[in-house]
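Worksheet: one structure, shown below.
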Amino acid sequence: MKKSASPPSLTTLNKHVSAPALLDRVRRSFEKIPDPRRYGQQFSLPDVLMSGLAIFGLKYPSLLKFDEQRHEERIRANLKSLYQVEQAPCDTQLRAVLDQVDPVELRAPFIQIHQHLHRQRFLEGFRYLGGFLVSIDGTGHFASSSIHCPHCCERHYRNGRIGYYHQLLAAVLVHPDQKQVLPLFPEAITHQDGACKNDCELNASKRLLKALREAFPHRPLRVVEDGLFANGPHIKLLKELNIEYIISVKPDGQEALFAEINRRLCRGEYEEFEARDADGVLRGYRWFNGLPLNQSHPDLSVNVLDYWEVREDEELNFSWITDLHLTRNNVELMAKGGRSRWHIENQTFNTLKNQNYELEHNFGHGQQYLATVLALLMMLAFLIDQVQEYGCAFFQEARRSFHSRTSLWIKIKGLFTEFFIESWEALWRAIVYGHGGGFLQPNLT
């Protein structure tokens, strides 16, 4: 049954943040990637990449499930009208081609989308403390006790067994007051990065930060990171790249820094205040400017904010170091910015693992780059979804029609597999306003 009235904002798809606009930019980026194949090509590289993107955009649970349907007339027609795919490969061919694509080449569509959004001022709602907060953290996306490649990280057990796994160091634009996050291109954590988690993330972060600054040379960036990154070499790299920071610190990880804090406390060399909000929560802020980071880098000066929160049933405490000079006017904003680091866990990794993207599912491993390329295509599909949820009125209205994102994904995939769809606008209108059905009429020939 159709709804009686049309929401006034739903006139036509926004030409900047709608699915067709974003996918068109992605397709044009894919067309510039050198084809790594050296033999006859039945499928174009852009078609293969867009097919992979469609799998994650439509939330297929596996490449095989996509392969089972790709020959159906409706699927072929909808892949062309919605994803610009002329001819989709089978799962074996898709794996073989994507395994040869250097993951570095897949940075381009992320960059193109972000640059376009910035030019159109769609990122202004993410501006915070004079720039853009970038939360950085690592996550796994493949693990096996037998399947491995030269890029796999290894975990050695006491019984002699070796576990193989792949990880990504992700970077996402966050804002304390925004529900959405906007992923930037992630960096693969590989075997060369070290034998322990800390070494792996730190080494991968060097490549990621340099690549981000190269991609966005004039963008004011401020990273929000956990205590692993509160070290001299990392902070010096940030300074070299003109990237500001808010980094979590704890006493058991930065003993010298907290010893200096205690000395300043004893001498009364600090500022602080407390305030109780309308919900009865007591929030406190204590800050120090110009502290030496540690004994190894006494010349590296940082500013420290200690924040506490007292509720009826719990007390929370957080501390951060930053290059932002702290004052009574900015410590509340700084604390909110520091706590927004968790958006990469809650709004990013949790969504990718539990809301039908299936980040931890083994979509394929390959001999070279397949596992990483598939993870990047998944992150790209997530970026497209998040941009639409943030700025596309059609997507927003469709999202409001369902209790959860997963229910919306089920609806989209159901329409995709059962109806011929001429455009994204037709798809959204069918979801928002309802659509006519028909009696099932099996083919008898």
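Side notes on the structure shown:
- So V134, is it in contact with a strand residue (DSSP E or B) (Cβ under 8 Å, 6 or more places away or on another chain), at pLDDT 95 or above and of a type in the set (V, I, T): yes
- All strands (runs of 3 or more DSSP E) inside segment 211-317 with 3 or more residues being over 30 Å from P103 (Cβ atoms): 271-276, 282-292, 301-310
- Close contacts from segment 321-339, counting a first residue that is free of Cβ contacts under 8 Å to residues at least 24 places away in the same chain and a second that is open to solvent by 50 Å² or more (accessible area, probe 1.4 Å) and among the aliphatic types (A, V, I, L, M), with Cβ to Cβ under 7 Å and a gap of 6+ residues or different chains, come to none at all.
- Restricting attention to segment 305-352 and to residues that are within 19 Å of G130 (Cα to Cα), in contact with a helix residue (DSSP H, G or I) (Cβ under 8 Å, 6 or more places away or on another chain) and not acidic (D, E), the residue that is surrounded by the most Cβ atoms within 10 Å (Cβ to Cβ) turns out to be W320.
Each row is one residue, and each column tells you yes or no for (1) under 30 Å from N317 (Cα atoms); (2) within 25 Å of the chain's Cα centre (by Cα); (3) not in a loop (DSSP other than H, G, I, E, B).
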{"site": "R341", "(1), (2), (3)": "yes, yes, yes"}
{"site": "Y357", "(1), (2), (3)": "no, yes, no"}
{"site": "F363", "(1), (2), (3)": "no, yes, no"}
{"site": "L380", "(1), (2), (3)": "no, yes, yes"}
{"site": "Q386", "(1), (2), (3)": "no, yes, yes"}
{"site": "Y390", "(1), (2), (3)": "no, yes, yes"}
{"site": "F395", "(1), (2), (3)": "no, yes, yes"}
{"site": "W428", "(1), (2), (3)": "no, yes, yes"}
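- Residue within segment 419-426 that is open to solvent by 50 Å² or more (accessible area, probe 1.4 Å), over 22 Å from F110 (Cα atoms), outside any helix (DSSP H, G or I) and hydroxyl-bearing (S, T, Y) present: no
- Filtered by the rule that a residue be farther than 21 Å from Q367 by Cα and open to solvent by 20 Å² or more (accessible area, probe 1.4 Å), segment 162-179 gives P176, D177, Q178, K179.
- One residue alone among Q355, Q367 is more than 25 Å from L228 (Cβ to Cβ), surrounded by 16 or more Cβ atoms within 10 Å (Cβ to Cβ) and either out of contact with any helix residue (DSSP H, G or I) (no Cβ under 8 Å at 6 or more places or on another chain) or at pLDDT below 95 (or both), and that residue is Q355.
- Of everything in segment 103-138 that is in contact with a Leu (Cβ under 7 Å, 6 or more places away or on another chain) and open to solvent by 10 Å² or more (accessible area, probe 1.4 Å), the residue that is farthest from P176 (Cα to Cα) is P103.
- Only one entry in R161, R155, R107 is modelled with pLDDT of 95 or more and at negative phi, namely R107.
- Selection of first residues in segment 141-159 that are closer than 9 Å to H191 by Cβ and part of a strand (DSSP E or B) and of second residues that are aromatic (F, W, Y) and open to solvent by less than 80 Å² (accessible area, probe 1.4 Å), restricted to Cβ pairs under 9 Å at least 6 apart or on distinct chains, gives the following pairs, ordered by first then second residue: C153/Y164; C153/Y165; E154/Y164; E154/Y165.
- Any hit, segment 187-204, residues being crowded, with 18+ Cβ neighbours inside 10 Å and part of a loop (DSSP other than H, G, I, E, B): yes
- For L293, the criteria (1) of a type outside the set (K, R); (2) over 27 Å from the mean Cα position of the chain (by Cα); (3) closer than 25 Å to A171 by Cβ; (4) open to solvent by 30 Å² or more (accessible area, probe 1.4 Å) hold in every case but one, which is (4).
- Against the list (1) more than 25 Å from F382 (Cβ to Cβ); (2) open to solvent by 30 Å² or more (accessible area, probe 1.4 Å); (3) in contact (Cβ under 8 Å) with a residue 40 or more places away in the chain, the condition P220 fails is (1).
- Filter result for T406 (more than 19 Å from Y83 (Cβ to Cβ), open to solvent by less than 50 Å² (accessible area, probe 1.4 Å) and among the hydroxyl-bearing types (S, T, Y)): yes
The values are calculated or read from the model by the stated rules, or taken from the named source; none is laboratory data. From a predicted model like this one, the values you see are computed outputs, not experimental measurements. Reconstructed Cβ throughout: ideal geometry from the backbone, glycine too, with neighbour counts over all protein chains shown. Only protein heavy atoms, including side chains, enter the accessible area calculation; ligands, DNA and RNA are left aside. Shrake-Rupley method; radii C 1.70, N 1.55, O 1.52, S 1.80 Å.
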